[in-house]
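Here is the structure we will look at, set down as structure tokens.
The values are calculated or read from the model by the stated rules, or taken from the named source; none is laboratory data. None of these values were measured; they are calculated from a predicted model. FYI the Cβ positions are ideal-geometry reconstructions off the backbone, even for glycines, and counts take in every protein chain you see.
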There are 2 protein chains.
Amino acid sequence: MPDASFTPTDRSRVKRLHERGKYDEASIFAILDAAFIAHVGYVMEGQPFVTPTAFWRQGRTLYWHGSAASRMLRFQEKGVPACVTVTHLDGLVLARSGFHHSINYRSVMAFGTAKLVDDPREEAAQLDLFIDRLYPGRRAELRPNETQELKGTTVIAMEIEEASAKTRTGHPKDDEADYALDCWAGVIPIQQVVGKPEADPRLKKGVDFPTGLTRYRDGARFDELLVAQMTE
Amino acid sequence: MPDASFTPTDRSRVKRLHERGKYDEASIFAILDAAFIAHVGYVMEGQPFVTPTAFWRQGRTLYWHGSAASRMLRFQEKGVPACVTVTHLDGLVLARSGFHHSINYRSVMAFGTAKLVDDPREEAAQLDLFIDRLYPGRRAELRPNETQELKGTTVIAMEIEEASAKTRTGHPKDDEADYALDCWAGVIPIQQVVGKPEADPRLKKGVDFPTGLTRYRDGARFDELLVAQMTE
């Protein structure tokens, strides 16, 4: 479905600067797949909570996981409304007036119902998918998961019911008269990058950095790396 | 108050891996001040929303802003429960089993009531503080804000009632037997960095990059830069 889109309702439609909003799967998945951390919003007894968590996607479903003892996950497994937001900060936009300063960014707000992945085989398969997404080839080097480790882990799934993407790119949009001012204007890019891998001091002698992880080189953009690994 | 702390209740106490939790102002402010984007959670008609936004801090109060036409801000100005979460991803922790893989991070969850800054002078002062925090010395180069620009801008304040910080640092903690495996283990650092500033193609000839912004040099860590500018 190359043209598949989410149908916005009042909940997800981008109202302010609506020209920045998109609802098609390609735009939304591209932003989600370039991210590693999502902020999950949920409501307990009227109180909003926003918890950061690693996440992954399969089709229209988002997944996250953690300890089976986690308060957040124990609450979410029952099936609760959630909002999963992903944000990439891409740059600071310096205009010629305070008012027109802005940010370049890519963000997605996805709405759905969080619930437990209660089939143990599906849970194990999703955890494998998470490792594979981040660390291609790594599972072959790891010992298998133990039964009690899987029992101690909860995976939550949220099928996306609605989602919107919002992005800004490019230079400032100043008032026409302000272009004459003696004021620097432009964009300061911000990027999330990989640093030089640091071996565990207890690493067994002779074990090299995995060949499957060569995209994790010093200075590589993390968002681009994640997308590149998904499409390999 | 060097030893000032927030008093955790059931809402903010770190339960899972509670040794990673902190409640003192110094720890919490250090994480907040190193960040530029927060994720603000709020509840409209039972539905959780998580909106990413630039923010700043003065004392125990967090501020964010936007268009007076923003649905989020129009809702928040009435005084609503909010959760403001800030997250720094610092590294991927590769262990010798899937189970012990982890993330190095610094995060804060802050709880309070969002409400409008309705005094126009306080609003203008806070917007100045925001510019000063990000761009030292820049206000002297900008034209003053116009009255209708301030009227078109809403600033929201949330005094922190409770907050908790949660962090992880360092290498994997593997099961003792697994240290004998032929498996690479360690940390892949992740950092948010500044790129090379890009001048607006319409920049007036002869205008140099501002001397007050020299910390924004290619490769600088954005979190460290923000903190350094605050303490200057």
Out of curiosity, is residue B:108 facing chain A (nearest Cβ under 7 Å) and surrounded by 15 or more Cβ atoms within 10 Å (Cβ to Cβ)? no
Among the residues in segment A:219-226, are any farther than 30 Å from residue B:210 by Cβ and in contact (Cβ under 8 Å) with a residue 60 or more places away in the chain? yes
Just a yes or no: is a residue in segment B:182-204 of a type outside the set (S, T, N, Q), at positive phi, surrounded by fewer than 19 Cβ atoms within 10 Å (Cβ to Cβ) and assigned to a loop (DSSP other than H, G, I, E, B)? no
Flag for residue A:225 being part of a loop (DSSP other than H, G, I, E, B) and either closer than 16 Å to residue A:88 by Cα or of a type in the set (A, V, I, L, M, F, W, C) (or both): no
Restricting attention to segment B:176-195, which residues are facing chain A (nearest Cβ under 7 Å) and among the charged types (D, E, K, R)? B:178, B:182
Do you know which residues across segment B:62-91 are under 13 Å from the mean Cα position of the chain (by Cα) and either within 9 Å of chain A (Cβ to nearest Cβ) or over 25 Å from residue A:53 (Cα atoms) (or both)? B:83, B:84, B:85, B:86, B:87, B:89
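With the requirement that a residue be of a type in the set (Asp, Glu) and in contact with an Asp or Glu (Cβ under 8 Å, 6 or more places away or on another chain), what does segment A:175-191 give you?
Hit for segment A:175-191 is A:182, nothing else.
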Just for helices (runs of 4 or more DSSP H) wholly inside segment A:20-136: which have at least 1 residues that are at pLDDT 95 or above and within 27 Å of residue A:5 (Cβ to Cβ)? A:25-33, A:120-134
List the number of the failed condition for residue B:13; all other conditions in (1) surrounded by fewer than 20 Cβ atoms within 10 Å (Cβ to Cβ); (2) within 11 Å of chain A (Cβ to nearest Cβ); (3) within 30 Å of residue B:181 (Cβ to Cβ) hold. (3)
From the list A:142, A:127, which residue is surrounded by 20 or more Cβ atoms within 10 Å (Cβ to Cβ) and over 22 Å from residue A:40 (Cα atoms)? A:142
Could you tell me whether residue B:232 is more than 7 Å from every other protein chain (Cβ to nearest Cβ), in a strand (DSSP E or B), surrounded by fewer than 18 Cβ atoms within 10 Å (Cβ to Cβ) and touching a residue at least 24 places away in the same chain (Cβ under 8 Å)? no
(1) more than 11 Å from chain A (Cβ to nearest Cβ); (2) not hydroxyl-bearing (Ser, Thr, Tyr); (3) not in a helix (DSSP H, G or I) all hold for residue B:173 apart from (1)
Given the structure, is residue B:200 farther than 30 Å from residue B:67 by Cβ, over 25 Å from the mean Cα position of the chain (by Cα) and modelled with pLDDT of 95 or more? no
Say we look at segment B:137-152 and pick out the residues that are at the interface with chain A (Cβ under 7 Å from one of its Cβ atoms) and either part of a strand (DSSP E or B) or among the polar types (S, T, N, Q) (or both); which of these is farthest from the chain's Cα centre (by Cα)? B:143
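Please tell me if residue B:99 is out of contact with any helix residue (DSSP H, G or I) (no Cβ under 6 Å at 6 or more places or on another chain) and not polar (S, T, N, Q).
Numbers: out of contact with any helix residue (DSSP H, G or I) (no Cβ under 6 Å at 6 or more places or on another chain): no; not polar (S, T, N, Q): yes.
No.
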Checking residue A:99 against (1) surrounded by fewer than 21 Cβ atoms within 10 Å (Cβ to Cβ); (2) more than 7 Å from chain B (Cβ to nearest Cβ); (3) over 22 Å from residue A:153 (Cβ atoms), the condition it does not meet: (2)
Would you say residue A:29 is away from chain B (no Cβ under 14 Å) and touching a helix residue (DSSP H, G or I) at 6+ places or on another chain (Cβ under 8 Å)? no
